[in-house]
Amino acid sequence: MSDSGGSASANSMLCSVPERLQLHMAMLALQFGYAGFHVVSRAALNMGISKLVFPVYRNIIALLLLLPFAYFLEKKERPPITLNFLLQFFLLALVGITANQGFYLLGLDNTSPTFASAIQNSVPAITFLMAAILRIEKVRLNRKDGISKVAGTILCVAGASVITLYKGPTIYSPTPPLNRPTPTFVSLGDAEGKNWTLGCLYLIGHCLSWSGWLVLQAPVLKKYPARLSVTSYTCFFGLIQFLVIAALAERDPQAWMFHSGGELFTILYAGVVASGIAFAVQIWCIDRGGPVFVAVYQPVQTLVVAIMASIALGEEFYLGG
């Protein structure tokens with residue numbers, strides 16, 4: 001009896017929180033989840049996990065997590081599935097799962113978590129431009145909100161350029177013990193033989209596909225207003241696409257096996273936190289706040305990644321990028 005009363009009280013407290021505040025809180029939590037993913041992904045690559053196998057397992061876990069909720073919670077409100085909807089979900093998966101995750105891992109493999117997150121600061125500007133071109137986001141230069149959006153876009157581009165091109169002085173350096181090559185930090189540290197130019201090009205492709213995914217979800221949700229089902233279908237088609245690519249390109253059977261608890265942890269974090277939970281929260285925020293609202297929180301992630309990478313990876317923290 002007391003448990004049901006406590007649950008009702010918690011629900012009433014949540015309902016009393018304005019939706020706009022809930023959106024801001026959700027986006028802040030989302031940035032911390034994605035920030036951890038940058039560091040975890042770097043560790044996974046350095047442990048030798050295949051760049052094709054990693055997203056396959058990631059999306060399997062995400063799909064298994066999302067599917068039961070989508071089936072039971074949206075059973076009554078889910079529209080009938082048609083070929084047109086399936087094609088839209090396939091396109092969302094191609095842009096938001098396959099291209100997005102594939103380009104990201106290729107880019108991260110040749111750069112660092114901090115740099116990968118820093119270049120993502122172009123996502124708000126790209127998302128705003130795409131949304132404006134597709135008339136999903138209205139730009140009214142005769143109003144304060146319109147001017148703020150344009151000014152924010154310019155600041156995002158400027159900030160991304162500065163943090164990417166300007167290194168600046170060191171403002172934080174890890175303590176000496178953290179820089180010693182212990183087994184834990186060897187697996188977390190940066191890998192050798194990087195091609196930063198190629199990595200940057202891959203990350204630009206990642207940012208374009210990420211922005212496109214944010215924008216394209218908005219019109220799909222208007223026609224198919226079952227958020228978890230849309231996310232589940234997207235994960236399903238993304239998984240199929242990655243499985244086909246991996247089957248053709250990854251011929252080593254050992255690449256599909258877990259060789260340590262660290263590898264298993266990175267895949268679980270990617271699947272549960274960075275995909276299952278993150279995608280569900282993100283699509284709710286897109287539905288209620290719009291794609292540009294979701295994208296403008298990206299700079300918060302960069303700051304969190306820089307701090308995490310400095311502590312966990314032993315990276316120095318610079319004033320610039």
Q. When we measure straight from the Cα of Lys144, which lysines land under 28 angstrom away, once same-chain ones fewer than 8 places off are left out?
A. Lys222
Q. Mind checking the log10 I(q)/I(0) for region 31-318 at q = 0.07, 0.09, 0.12 Å⁻¹? Debye, one equal scatterer per Cα, no solvent, two decimals.
A. -0.27, -0.44, -0.78
Q. What Rg and what Dmax come out for region 222-321 when only alpha-carbon atoms are used, in angstroms?
A. 17.7, 47
Q: Just report the Cα centroid separation between region 13-66 and region 129-150, whole Å.
A: 29
**Q.** Set of lysines near Lys194 by C-alpha distance (under 17 Å), chain-local residues within fewer than 8 positions excluded
**A.** Lys51
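Magnitude of the Cβ-charge dipole of region 31-318, K/R +1 and D/E -1, about the Cα centre, nearest 20 debye?
So the magnitude is around 1040 debye.
Rule-based calculations on the coordinates, nothing more; no lab input. Please read these numbers as outputs of a predicted model, since none were measured by experiment. Reconstructed Cβ throughout: ideal geometry from the backbone, glycine too, with neighbour counts over all protein chains shown.
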